[in-house]
Number of protein chains: 2
Amino acid sequence: MIFDIEVKISLKDGMLNPEAKTIENSLSLLGYNVNNTKTLNIITFDMEGEDRETIRSEVDDMCQKLLCNPVIHNYKITIIPRNSACGDC
Amino acid sequence: MIFDIEVKISLKDGMLNPEAKTIENSLSLLGYNVNNTKTLNIITFDMEGEDRETIRSEVDDMCQKLLCNPVIHNYKITIIPRNSACGDC
C-alpha cells in the first residue's frame, strides 16, 4: 500500500528566525507593513508500507535522524493512504 | 481589521529541485525508500487592511516583487480574517 507523507517543519517558539526577519524588513522597505512573519518548510514524499503505524514510526525516525533538528524544530507528520479521500494524523 | 496571510510557494512542474533530490538520496542511504520527494515553503504573516480584495492585491504584489520568482515558482495565497473560524482563498 502506498502512503503520501507530509512533514511540516517549523522553528520552536522563541527561536530566532533570520529569514522571516529579513522578509519582514524587505517588505517594509517596499512599503508593506506586515507583522509576525514566520516561515515553515514542508517536505512531501510517498512510500510503501503495511500500515499507518509502521509508516509513522519510520517517518518519525527520518525526522529525528535527517529531516529536522529536534533541538530547534517542531515537526508534524501527516500520513494519507493513497486513494483515500481524507487522512488524519 | 487584521488578516492572517499564508503564502505557499512551490516550484513549477518540471523544475529541478536539488534540495528534494538530496533529501531523497540521503534517506535512501539511511535505508528508507521514498519517492516523489518535493519541498514547499510557507510564509505566514498578518497585516491590517480594509477588505479581502485589497489585501489579496497587495499580497499578490509582494509575491511578484519579493517573495517568489514568478518564472519558476507557483504560489497560493490564503487570507483569513482574524477572529474568523474559517477562511477561503
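Filtering segment B:1-23 to residues that are more than 7 Å from every other protein chain (Cβ to nearest Cβ) and either more than 19 Å from the chain's Cα centre (by Cα) or part of a loop (DSSP other than H, G, I, E, B) (or both) leaves B:M1, B:I2, B:K12, B:D13, B:G14, B:M15, B:L16, B:N17, B:K21, B:T22. Suppose the filter is open to solvent by 30 Å² or more (accessible area, probe 1.4 Å), within 15 Å of the chain's Cα centre (by Cα) and modelled with pLDDT of 95 or more; does A:I79 pass it? No: the conditions fail for A:I79.
Here is a yes/no grid of residues against (1) modelled with pLDDT of 95 or more; (2) hydroxyl-bearing (S, T, Y); (3) closer than 22 Å to A:I2 by Cα; (4) touching a Leu at 6+ places or on another chain (Cβ under 9 Å):
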position: B:S26; (1), (2), (3), (4): yes, yes, yes, yes
position: B:V34; (1), (2), (3), (4): yes, no, yes, yes
position: B:T37; (1), (2), (3), (4): yes, yes, yes, yes
position: B:I43; (1), (2), (3), (4): yes, no, no, yes
position: B:G49; (1), (2), (3), (4): no, no, no, no
position: B:S57; (1), (2), (3), (4): yes, yes, no, no
position: B:D60; (1), (2), (3), (4): yes, no, no, no
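If you go through segment B:14-27 one residue at a time, how many are open to solvent by 60 Å² or more (accessible area, probe 1.4 Å) and farther than 27 Å from B:F45 by Cβ? Residues that pass the stated criteria total 6. Residues of segment A:26-35 that are assigned to a helix (DSSP H, G or I), within 16 Å of B:C68 (Cα to Cα) and not hydroxyl-bearing (S, T, Y): A:L27 alone. The residues of segment B:63-74 that are farther than 24 Å from A:F45 by Cα and in contact (Cβ under 8 Å) with a residue 24 or more places away in the chain, listed by number, are B:C63, B:L67. If the condition is being more than 23 Å from B:M47 (Cα to Cα), more than 7 Å from every other protein chain (Cβ to nearest Cβ) and surrounded by fewer than 19 Cβ atoms within 10 Å (Cβ to Cβ), then segment A:28-59 contributes A:E48, A:E50, A:D51, A:R52, A:E53, A:T54, A:R56, A:S57. A:P81 passes every criterion in (1) facing chain B (nearest Cβ under 7 Å); (2) within 23 Å of B:N33 (Cβ to Cβ) apart from (1).
The values are calculated or read from the model by the stated rules, or taken from the named source; none is laboratory data. All values derive from a computational prediction rather than experimental measurement. Counting neighbours? That spans all protein chains shown, and the Cβs are built from the backbone with ideal geometry, glycine included. Protein only, heavy atoms only, side chains kept; ligands, DNA and RNA dropped before computing areas. Shrake-Rupley method; radii C 1.70, N 1.55, O 1.52, S 1.80 Å.
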